[in-house]
Amino acid sequence: MMRARTPLLITTGLLAALVLAGCTSTPDAAPSVAASATATDLPAPDTDTSATPTTAPIDPTCENIIPKSTVDDFKSLGWTSQEEPFRIGATALDDGIQCKWGDAKVASDRVQIFGWAPIDDATARQAEKDLVASGWKLERDATGDYVTENPDWLGGRGADGYGLTYLFGDGWVKFADTRQSLLLVETPQ
């Protein structure tokens, strides 16, 4: 009986931590940036047209790109989702989705944002290059390429200096309102 409640408690704790992280301001903390790049540091887009684009999984929705337990927690708070097209700057990824979760009955900026889309390599490289040219910061690790809004734009949002963040992986891109929230974004099944 206790085991069934443990995932809910962990998810609720994670949700509470994410909400608190969005409310905390640490202006004196220096952003933790492992490696940043400029637009000229990025490789040029691949012009090879023989690569086949990744096919999208079955219809991503606001309820299948994050864990069911998180969806249930949001709903228990009276939150609903608002579906939007997935965009990276001016580029729309038609097979993707971006979702804002919050209390639609209350005018507030207290929302959680999650997104997921399939993406081919050439489009991903160009999107990264465009974001970095606009002032976003690029970091690479074994998980993928993180492109985060400039920490100077945060105004106290985002733990550790990370606000809106894209994570580019192998054939997909994830998006969240903080880098930490990317942990909740899943490839839809």
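The values are calculated or read from the model by the stated rules, or taken from the named source; none is laboratory data. Since the model is a prediction, treat every value here as computed from it, not as a measurement. Quick reminder, even Gly has a Cβ in these numbers, built from the backbone with ideal geometry, and neighbours come from all protein chains shown. Protein only, heavy atoms only, side chains kept; ligands, DNA and RNA dropped before computing areas. Shrake-Rupley method; radii C 1.70, N 1.55, O 1.52, S 1.80 Å.
Legend: residue pairs Lys100/Lys129; Lys75/Lys137; Lys129/Lys174; Lys68/Lys137; Lys75/Lys105, Cα-Cα distance threshold 24 Å; pairs beyond threshold, Lys100/Lys129; Lys75/Lys137; Lys68/Lys137. Surface calculation, 1.4 Å probe, protein heavy atoms: Leu164 sits at approximately 40 Å² accessible.
Protein heavy-atom accessible surface, 1.4 Å probe, per residue over segment 74-136: 53 Å².
How high is the FRET efficiency from Ala92 to Asp72, r the C-beta distance, R0 30 Å, rounded to 0.05? Kindly include the intermediate steps, with their values, before the conclusion.
Values: r = 30 Å, r/R0 = 1.00.
About 0.50, to the nearest 0.05.
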